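K.L.:
Quick one: structure below, then a few questions.
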Amino acid sequence: MARGQRELFMREAPNDSSPLYRYLINPRRPIEVMARQRCEAMWRLFEPLADPNFLERLPFEFHQRWFEMYVGAALVGADLDVRAPTPGWGPDFEVHADGRRVYVEAVCATAGDPLHEDAVPEPVYRDAGGNAICSQVPHDRITLRLAHSVRAKLNAFDRYRNAGLVTPDDACVIAVNLREIPHAWADAKEFFVRAVYGVGNRYMVIDPAAGEIVATGREHRTLLTRASGAAEEVAPMLDPNHGDVCAILGSSADAWNMREPFGDDFVLMPHVSARAPAPRGLIERGSELSLAAGEESGTWTVDETDYGAAAPRGPEPFVVEHEGTQFEGEWQIAGRQLEIRLSGHGSAIPFRGDGDPAVAAKEIAIEMLRVYGAARCSRAVRSPGGKA
């Protein structure tokens, strides 16, 4: 059988293979069927870039291999010139863009050894009696797990340079996935900036005499202390010593939870003083941050370009009729959302630019009237013949 005809999944799962792999070999639920179809679509893009032993390792290292395939498929899908530089050794991908080589190395952060004090535990939402309880998010532990994975790949790029596989003129990007860390996927960007820019907890300063908040901000820290007492660096993209890695590419996707096009969840976070920066807009998937020095020493202003956001529109008025009465509202497109206001009520739905937002806004408004009731939206009511 020709190389391009290889099947991604075996017909039967090998012993000790990942449960996730087993689910996709014989998908039963619609979400499993859809996940397998997307994986096979990714494979068609990624297969020419795969290591020779990729298919052998996939059943046993499913998420890590899946993420490598996901990154490769996203790069190919973005119409980039992508190559596999040294199969089985060296960076995962070599991209040629604007006369520069950009090397990409992929890694998946994990929760850590459950017996280790720095491991991130699974959240517990019910007590022994079955009652709902709050579960505190261990921000520092999550940050440490991400920082550990970033450090491992910073060290890997050092080895590649020492071996002559990467030169000082090459841009280097570390792609990090956090899906296997409990809690982290729900606020992915927050944890990425904590682990690569040293962003800390929020704070406020209160003037007791005036009873007012006079200042707010975020703490900044370059190191976090592990349970062992060892320090872990958590601001590598601000450290000139790591300027030979030009960016961190964050992802929170997995085989069951990914947006289209592939890479739409990416967050590209550049080094503030990279020696060999990657071209801006290299991938144009997900979002990309840019940092500029602020007016005060040690501060930064951050801009974000969201390549998946629709062009902003509105607010624009609309009128819908429900049970013989007309109601006035307005809609607008902000980022990736279509926002609808109807009297004192609001709703927002994901919007990617496909379809007519005015039609979608009216459909949502009708549903809001069904849920809230016409009486609760009375301020927006007018009769067909004129305003009430």
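K.L.:
For the range 92-126, give me the residue count where each residue is small (Gly, Ala, Ser) and exposed (fewer than 14 other Cβ atoms within 10 Å of the Cβ).
P.N.:
From the range 92-126, those small (Gly, Ala, Ser) are 97, 99, 106, 109, 111-112, 119; that's our starting set.
Checking the rest, the ones that are also exposed (fewer than 14 other Cβ atoms within 10 Å of the Cβ) come to 99.
Number satisfying all stated conditions: 1.
K.L.:
Report, by residue number, each residue of the range 26-42 that is more than 18 Å from PHE67 (Cα to Cα) and of a type in the set (A, V, I, L, M, F, W, C). Even if it seems obvious, please write down each step before you answer.
P.N.:
Here is the first cut: in the range 26-42, the ones more than 18 Å from PHE67 (Cα to Cα) are 26-31, 33.
Answer for the range 26-42, where residues must be more than 18 Å from PHE67 (Cα to Cα) and of a type in the set (A, V, I, L, M, F, W, C): ILE31, VAL33.
K.L.:
Looking at (1) in contact with a helix residue (DSSP H, G or I) (Cβ under 7 Å, 6 or more places away or on another chain); (2) outside the structural domain of LEU58 (by TED's automatic domain parsing); (3) aliphatic (A, V, I, L, M), which one does VAL319 not meet, given that it meets all the others?
P.N.:
The one condition VAL319 does not meet is (1).
K.L.:
In the range 78-92, what residues are touching a residue at least 40 places away in the same chain (Cβ under 8 Å) and on the phi > 0 side of the Ramachandran plot?
P.N.:
Across the range 78-92, the qualifying residue is only GLY90.
K.L.:
Which fully enclosed strands (runs of 3 or more DSSP E) of the range 192-232 have 3 or more residues being out of contact with any Asp or Glu (no Cβ under 9 Å at 6 or more places or on another chain)? If you could, list the steps in order and put the result at the bottom.
P.N.:
Values: elements: 199-207, 212-220, 223-225.
Once the strands (runs of 3 or more DSSP E) in the range 192-232 are filtered for at least 3 residues that are out of contact with any Asp or Glu (no Cβ under 9 Å at 6 or more places or on another chain), what remains is 199-207, 212-220.
K.L.:
Please go through the range 266-320 and give me each residue that is surrounded by 19 or more Cβ atoms within 10 Å (Cβ to Cβ), free of Cβ contacts under 8 Å to residues at least 40 places away in the same chain and assigned to a loop (DSSP other than H, G, I, E, B), ordered by number.
P.N.:
HIS271, GLY286
K.L.:
Residue check, ASP16 against (1) surrounded by 21 or more Cβ atoms within 10 Å (Cβ to Cβ); (2) over 25 Å from the mean Cα position of the chain (by Cα); (3) of a type in the set (D, E, K, R), all met but one. Which one?
P.N.:
Looking at each condition in turn, ASP16 falls short on (1).
K.L.:
If we scan the range 158-167, do we find a residue that is in contact with a Lys or Arg (Cβ under 9 Å, 6 or more places away or on another chain), farther than 19 Å from PRO270 by Cβ and of a type in the set (Phe, Trp, Tyr)?
P.N.:
no
K.L.:
Another question about this same structure. From (1) crowded, with 21+ Cβ neighbours inside 10 Å; (2) in contact (Cβ under 8 Å) with a residue 60 or more places away in the chain; (3) within 30 Å of THR86 (Cβ to Cβ), pick out the condition that doesn't hold for ARG161.
P.N.:
(1)
K.L.:
What's the total number of residues in the range 325-355 that are over 26 Å from LYS189 (Cα atoms) and without any contact (Cβ under 8 Å) to a residue 12 or more places away in the chain? So that I can check it myself, show each step before the final result.
P.N.:
Here is the first cut: in the range 325-355, the residues over 26 Å from LYS189 (Cα atoms) are 325-331, 341-345, 355.
Next, only the ones that are without any contact (Cβ under 8 Å) to a residue 12 or more places away in the chain stay: 355.
Selection size over the range 325-355: 1.
K.L.:
Let me ask something else about it. For the range 185-203, indicate whether the set of residues that are among the aliphatic types (A, V, I, L, M), under 30 Å from THR86 (Cα atoms) and in contact with a helix residue (DSSP H, G or I) (Cβ under 7 Å, 6 or more places away or on another chain) is non-empty. Quick ask: steps written out before the conclusion?
P.N.:
Let us first name the residues in the range 185-203 that are among the aliphatic types (A, V, I, L, M), namely 186, 188, 193, 195-196, 199.
Add one more test, that the residue is under 30 Å from THR86 (Cα atoms), and what stays is 195-196.
Pick out the ones that are also in contact with a helix residue (DSSP H, G or I) (Cβ under 7 Å, 6 or more places away or on another chain) and you get 195-196.
Yes; the residues of the range 185-203 include at least one that is among the aliphatic types (A, V, I, L, M), under 30 Å from THR86 (Cα atoms) and in contact with a helix residue (DSSP H, G or I) (Cβ under 7 Å, 6 or more places away or on another chain).
K.L.:
Report whether or not ALA209 is of a type in the set (A, V, I, L, M, F, W, C) and under 24 Å from GLU105 (Cα atoms). Lay out the reasoning, then the answer.
P.N.:
Details: of a type in the set (A, V, I, L, M, F, W, C): yes; under 24 Å from GLU105 (Cα atoms): no.
Criteria not met by ALA209.
K.L.:
Let me ask something else. Which of the following residues is in contact with a strand residue (DSSP E or B) (Cβ under 7 Å, 6 or more places away or on another chain), closer than 27 Å to GLY298 by Cβ, in contact (Cβ under 8 Å) with a residue 40 or more places away in the chain and of a type in the set (A, V, I, L, M): VAL95, VAL150, VAL199, VAL102? Full working, then the answer.
P.N.:
Numbers: VAL95 fails: closer than 27 Å to GLY298 by Cβ; VAL199 fails: in contact (Cβ under 8 Å) with a residue 40 or more places away in the chain; VAL102 fails: closer than 27 Å to GLY298 by Cβ.
Just one listed residue meets the conditions, VAL150.
The values are calculated or read from the model by the stated rules, or taken from the named source; none is laboratory data. Computed from a predicted structure; not experimentally measured. Ideal geometry is used to build each Cβ from the backbone, glycine not excepted, and the neighbour counts take in all protein chains shown.
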